[in-house]
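Structure first, commentary second.
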Amino acid sequence: MSKKSHIATELIAAIACALLFAAATVTCLVTGDLGIGGMVACGAAALATICCFALWRTAQVNEDRAICQFQLLASASLEQLEHDDLQAACPQARELRKWKSPLEQCYRRMKLLADDARQLQQSRVRSEVKAHLTGLRHEQMREIVDKLSEPVMMTNQYDEIIFANEVARELFGILDLAEKTMAADAIASEGIVQLLQETRLRKTPTQRVSEIELLDSADDKHWYRITVSTIAQHLDNEMGADEPNYGAVAVLRDISGYKAIQRRNAEFVSAVSHEMKTPLAGIKAYVELLADGEAEDEQTRDEFLQVINSQADRLQRLIDNLLNLARIEAGVVNVNKKPRSLNELLEEAFRIVHPTAEQKNITLISDLSPMYLGVLVDRDMIMQAAINLLSNALKYTPDNGKVTLRSRLQDREVVFEVEDTGVGLSPEDCDRVFEKFYRVKKDQKMASGTGLGLPLAKHIVEDVHGGELNVTSESGVGSTFRIRLPTVQVAETVN
Amino acid sequence: MNTSPNYLDAFPQAVTELNQTTTSSTAGKRILLVDDEMHILRAAEFKLKRSGYEIECVEDGQQAWEAIQEQMPDLLITDFHMPRLDGLGLCRLVREDEATRQLPIIMLTAKGFEMTSDDNLESLEIAAILAKPFSPRGLVNCVEAVLTTGSFEQPPISYLR
């Protein structure tokens with residue numbers, strides 16, 4: 001406003017001088033007397049006019065330059081404001097004395113605003129990066145959870161399923177997770193639905209674990225350990241209050257394998273304890289008879305002591321076998337491989353099992369190759385494998401059946417096989433009989449066993465001797481267990 | 001049964017001692033003893049014969065069932081695990097046949113905690129289950145109790161001992 005008034009004053013002064021000059025000129029013309037006084041007056045008036053005009057013009061020019069500087073200032077970029085000073089931003093500011101102060105004020109203010117803007121921009125960029133990374137991480141987490149082999153799912157405060165990973169969807173047959181899928185509708189297992197609901201209703205951070213049997217999509221039974229935890233959901237709270245809503249997260253783990261091992265362990269312990277109790281029963285019974293003085297003469301006492309001794313030996317054999325298996329499996333047993341005649345070993349094994357065959361009235365046939373079959377083996381181990389196969393054949397062949405022991409040279413391998421006319425194995429059992437502790441359920445009552453004979457034989461043949469042990473069988477007809485071993489020449493070349 | 005071997009043949013001296021048997025109210029009763037382990041048969045037979053019982057021994061469930069058909073014993077003592085026909089199968093046969101339904105049975109078994117509910121022992125009305133290893137003295141007490149009262153109070157088969 002002061003700038004305007006300055007300009008107006010200068011303009012009014014110029015106009016006044018011009019009027020004065022005009023009045024002087026008119027006076028001179030009217031009087032016709034152009035004296036010195038008149039001329040001086042006219043000149044002074046004209047000079048004053050020119051001065052006033054010049055001043056007005058100067059002010060105007062300054063004003064234009066100031067506007068120009070303001071415009072420069074206004075168009076300055078953030079970088080210029082950050083790095084330049086006032087002189088650089090407005091080069092003419094110093095020359096515009098009257099405008100210098102307002103320009104400086106403006107410049108400082110703009111610099112402050114520019115700093116704020118820059119900080120805001122930086123934090124916006126940071127936020128955007130963070131949001132992007134969070135989004136990526138969220139996607140990754142979702143992908144990871146989705147690809148987990150354990151079923152995972154989550155319900156909200158209304159018991160609606162809001163997340164279920166791939167395996168969970170497959171397990172519960174959820175084709176598409178719609179907006180509002182009630183857990184009770186989607187999950188067939190009432191136990192799980194109840195567990196989810198009960199956990200959620202506790203409304204405190206808590207965890208519950210349960211074991212549950214479920215059918216998978218192929219209708220096979222699986223045992224699952226299910227862990228359900230409460231999860232606070234602040235975002236879903238429609239009331240906008242701080243108090244969180246509670247949903248539940250369920251994680252299932254397939255423990256069928258663990259259960260099977262547990263069951264087989266129990267069966268193994270049961271089988272071993274049965275095998276141990278039988279000789280122990282003899283020992284205890286005869287000891288009691290002796291202690292009670294039931295055997296009244298020396299000869300009877302000797303007879304009883306012999307039984308005790310033989311049963312103690314039997315118990316020791318059993319324990320030795322168990323320890324041997326454990327040792328061989330742990331790899332701490334010394335393997336003593338030497339070139340041997342396979343037929344000699346088989347003949348010895350044949351002699352050992354012969355009495356058992358006679359007891360069951362089973363025809364035991366030895367069909368050994370007339371050739372010398374040289375193998376590089378640990379005698380005791382291969383004998384053990386052969387006896388295991390033979391005694392298995394005798395165990396699972398009904399009375400009056402037939403068991404054949406064969407050997408032959410085939411290509412560069414030595415083959416021996418034990419063929420029986422026993423109960424045979426189903427294709428599934430053929431795959432599993434070499435598993436430790438596995439016993440064919442339907443044949444368990446035929447004979448006692450630990451489910452260790454075949455795994456031990458396989459371990460001896462394949463891992464210790466680089467051979468192969470397999471079985472072909474037909475249920476109800478019989479089985480043939482076949483062992484292939486490298487000949488002594490081949491074995492020595494390899495070694 | 002003439003085909004059944006006499007396991008005391010292995011103990012000639014023991015047989016002579018059997019003449020000096022103790023007597024009890026149930027002495028003279030016929031007992032059929034079934035076990036595939038000969039030494040168990042021998043011990044049980046020896047003790048029971050000395051207690052005055054008449055004993056027949058067989059080695060598996062099938063032989064036992066044949067022996068029962070031939071001559072009904074007063075008591076059956078059977079093992080659980082046996083070839084051909086096991087103890088459970090034998091008990092079922094006995095309980096299913098009208099003629100043998102009332103035969104008291106004592107089971108002598110090395111099975112312990114693994115005796116499961118699906119063995120369905122209750123329906124077989126087994127008078128007593130004795131766990132192996134067993135005491136011959138305890139067996140005689142059990143036999144006497146079962147023959148006089150039809151049952152025998154025994155401690156349950158323990159889970160851990």
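Points worth noting:
- Residue B:69 being modelled with pLDDT of 85 or more, more than 9 Å from chain A (Cβ to nearest Cβ), exposed (fewer than 15 other Cβ atoms within 10 Å of the Cβ) and not in a loop (DSSP other than H, G, I, E, B): yes
- Filter pass, residue A:403 being within 29 Å of residue B:110 (Cβ to Cβ), in a strand (DSSP E or B) and open to solvent by less than 10 Å² (accessible area, probe 1.4 Å): yes
- Any hit, region A:277-286, residues being part of a helix (DSSP H, G or I), in contact with a helix residue (DSSP H, G or I) (Cβ under 9 Å, 6 or more places away or on another chain), more than 9 Å from chain B (Cβ to nearest Cβ) and over 19 Å from residue A:447 (Cα atoms): no
- Checked against the criterion of being acidic (Asp, Glu) and either in contact (Cβ under 8 Å) with a residue 12 or more places away in the chain or within 14 Å of another protein chain (Cβ to nearest Cβ) (or both), the candidates A:297, A:320 yield just one match: A:297.
- Residue A:383 passes every criterion in (1) open to solvent by 20 Å² or more (accessible area, probe 1.4 Å); (2) outside any loop (DSSP other than H, G, I, E, B); (3) of a type in the set (A, V, I, L, M, F, W, C); (4) free of Cβ contacts under 8 Å to residues at least 60 places away in the same chain apart from (1).
- Of all residues in region A:452-486, those satisfying the criterion of being touching a residue at least 40 places away in the same chain (Cβ under 8 Å), open to solvent by 20 Å² or more (accessible area, probe 1.4 Å) and under 37 Å from the mean Cα position of the chain (by Cα) are A:459, A:464.
- Qualifying residue in region A:142-149 (condition: over 20 Å from residue A:231 (Cβ atoms) and part of a loop (DSSP other than H, G, I, E, B)): yes
- Members of region A:300-317 that are free of Cβ contacts under 8 Å to residues at least 24 places away in the same chain and β-branched (Val, Ile, Thr): A:300
- Number of the condition not met by residue A:396 [criteria: (1) under 46 Å from the mean Cα position of the chain (by Cα); (2) buried (at least 22 other Cβ atoms within 10 Å of the Cβ)]: (2)
- Test: residue in region A:352-371 that is in a loop (DSSP other than H, G, I, E, B), surrounded by 13 or more Cβ atoms within 10 Å (Cβ to Cβ), among the charged types (D, E, K, R) and in the same structural domain as residue A:466 (by TED's automatic domain parsing): yes
- When A:46, A:76 are checked against the criterion of being in a loop (DSSP other than H, G, I, E, B) and in contact (Cβ under 8 Å) with a residue 12 or more places away in the chain, a single residue qualifies: A:76.
- Test: residue in region A:53-70 that is closer than 30 Å to residue A:119 by Cβ and open to solvent by 40 Å² or more (accessible area, probe 1.4 Å): yes
- Residues of region A:245-263 that are out of contact with any strand residue (DSSP E or B) (no Cβ under 7 Å at 6 or more places or on another chain) and open to solvent by less than 50 Å² (accessible area, probe 1.4 Å): A:257, A:260.
- Residue under evaluation residue A:10, criteria (1) at pLDDT below 80; (2) open to solvent by less than 40 Å² (accessible area, probe 1.4 Å), criterion not met: (2)
The values are calculated or read from the model by the stated rules, or taken from the named source; none is laboratory data. Everything numeric in this text was worked out from a predicted model, so none of it was measured. Glycine also receives a Cβ, built like all others from the backbone with ideal geometry; neighbour counts cover every protein chain displayed. We work out accessible area using only protein heavy atoms, side chains counted, and drop any ligands, DNA or RNA first. Shrake-Rupley method; radii C 1.70, N 1.55, O 1.52, S 1.80 Å.
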